1. Looking at 326, 254, 250, which is the one that is touching a residue at least 40 places away in the same chain (Cβ under 8 Å) and touching a strand residue (DSSP E or B) at 6+ places or on another chain (Cβ under 9 Å)?
2. Taking into account only those residues within the stretch 461-494 that are under 31 Å from the mean Cα position of the chain (by Cα) and surrounded by fewer than 12 Cβ atoms within 10 Å (Cβ to Cβ), which is nearest to residue 406 (Cα to Cα)?
3. On the basis of being touching a residue at least 24 places away in the same chain (Cβ under 8 Å) and surrounded by 19 or more Cβ atoms within 10 Å (Cβ to Cβ), does residue 155 make the cut?
4. For the stretch 210-228, does any single residue satisfy the condition of being touching a residue at least 40 places away in the same chain (Cβ under 8 Å), assigned by TED's automatic domain parsing to the domain that holds residue 296 and either part of a strand (DSSP E or B) or farther than 28 Å from residue 149 by Cβ (or both)?
5. Please determine, by comparing only the residues of the stretch 519-553 that are out of contact with any strand residue (DSSP E or B) (no Cβ under 8 Å at 6 or more places or on another chain) and crowded, with 16+ Cβ neighbours inside 10 Å, which one is modelled with the lowest pLDDT.
6. I'm trying to understand the selection: among the residues of the stretch 426-457, which are over 25 Å from residue 206 (Cβ atoms) and part of a loop (DSSP other than H, G, I, E, B)?
7. Regarding residue 253, is this residue assigned to a strand (DSSP E or B), modelled with pLDDT of 95 or more and within 22 Å of the chain's Cα centre (by Cα)?
8. Has the stretch 166-177 got at least one residue that is assigned to a strand (DSSP E or B), surrounded by fewer than 21 Cβ atoms within 10 Å (Cβ to Cβ) and in the same structural domain as residue 301 (by TED's automatic domain parsing)?
Ligand SMILES: [Zn+2]
Ligand SMILES: [Zn+2]
């Protein structure tokens, strides 16, 4: 039996009911192939027959393609007979895709026998969420000494690489060594000094998924009888199938219709800023390695941003992958289920102005005559909500109405959805507007946040070169920091009466490298601002002379 899969699949209705208005006429479980042949009568007029994996009867995995309707032309009896004769010998369409991919790669048995995969090369990591504008893609960390080792059956992997920023990085442009691994449930990083730390469960889960972002590992997982295959379809010259691995991770695999080699693997994950995002790895430049075909060019996109582009210089199957076990310090550490508990310290730096610090990213609360305004709702929902709560506690009699966002970088805009969920109006540079508007509207179904649970519209006031916020009691001038090598969306806040400047990232007191300080000074001089103190989003409050000192370095 054959039918053409459809691109615009419709979900099958839930809880055993097949389709709205459809009646299940008969079912024949075919245990050997884990499939079921069903005939569907929809709305009392059409008859369809198709073969589905048993998993397809589960609401989340079932699909019913319109094209199946062409089978109506056959008589029901003929279909029943054909199904009875051929069922045991015929793979389902989804199994056919996996079987074709396995054959093209070098054969099912060879793939199942793979123990380790070691890939060496060079390439680049994109600077997701941290480039000059939300839309820019010019910044990258250039990778050298890249080595990705996978112990296929043990579920362990480790990436070692040296990355060198091709841009003015806040830590300087010296090469940085990285070791990023996962061993079962334990994700870890090893610092250049050898110290291992456990990473969050969310990061570990992403790294476990990444193991299957390779043709051999995903097809091997799909060949596992415990894997569930569903939703075979054709799109853009590729045959596509959904795979849920035995361990419950979900992927979509596409293979080329001609060569039948895998072209890409997609999985979904949560990104706190972007919500539900697709992580897609594309495969190209296949080469012969020890009896299998392996791609020599792997490109990974997270949402629309290229986050990894790797050109393989050397790769080996079943070579010694080294010890891929998690280091003891990480393995024995408690699971990291979320960001660390939030600490918000308060310091009144001038009358009606509070420095809300305590951890890495600070905020500043400014009191006006009849309302309050925060400068920065940073990092993530947890910190943003804690800062908002602290602001309301400090001046419970006045409404908190506005939040200034210093720039679009993900660690500084990670709280905007939380702020919108609390009814605040955002104030940000105009170059953030399209991105922030999209960010507020994006789906967060994988890890629903406060805004997903309580949707509210975005209220955004944008700033071009400057904006004065003034009433009888307070003046705050917001200025665009022009020409900064850090970002093109930066706003600084100047309080002329208090001679205070609030800024993020362009001067972090006590930081070893200050690549953006000279440009900040230019902007201060150009505006002829009289500054006594810098109240920074990173680091401790510093006298203006600290910024001047960077000039001599
Ligand atoms: Zn930044
Ligand atoms: Zn920062």
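The values are calculated or read from the model by the stated rules, or taken from the named source; none is laboratory data. All values reported here derive from a predicted model rather than from experimental measurement. All Cβ positions, even for glycine, are placed from backbone atoms using ideal geometry, and neighbour counts span all protein chains on display.
1. 326
2. Here the residue is 464.
3. Against the criterion (touching a residue at least 24 places away in the same chain (Cβ under 8 Å) and surrounded by 19 or more Cβ atoms within 10 Å (Cβ to Cβ)), residue 155 does not qualify.
4. yes
5. 550
6. Within the stretch 426-457, 454, 455, 456, 457 meet the criteria.
7. Judged against the criteria, residue 253 is a match.
8. yes
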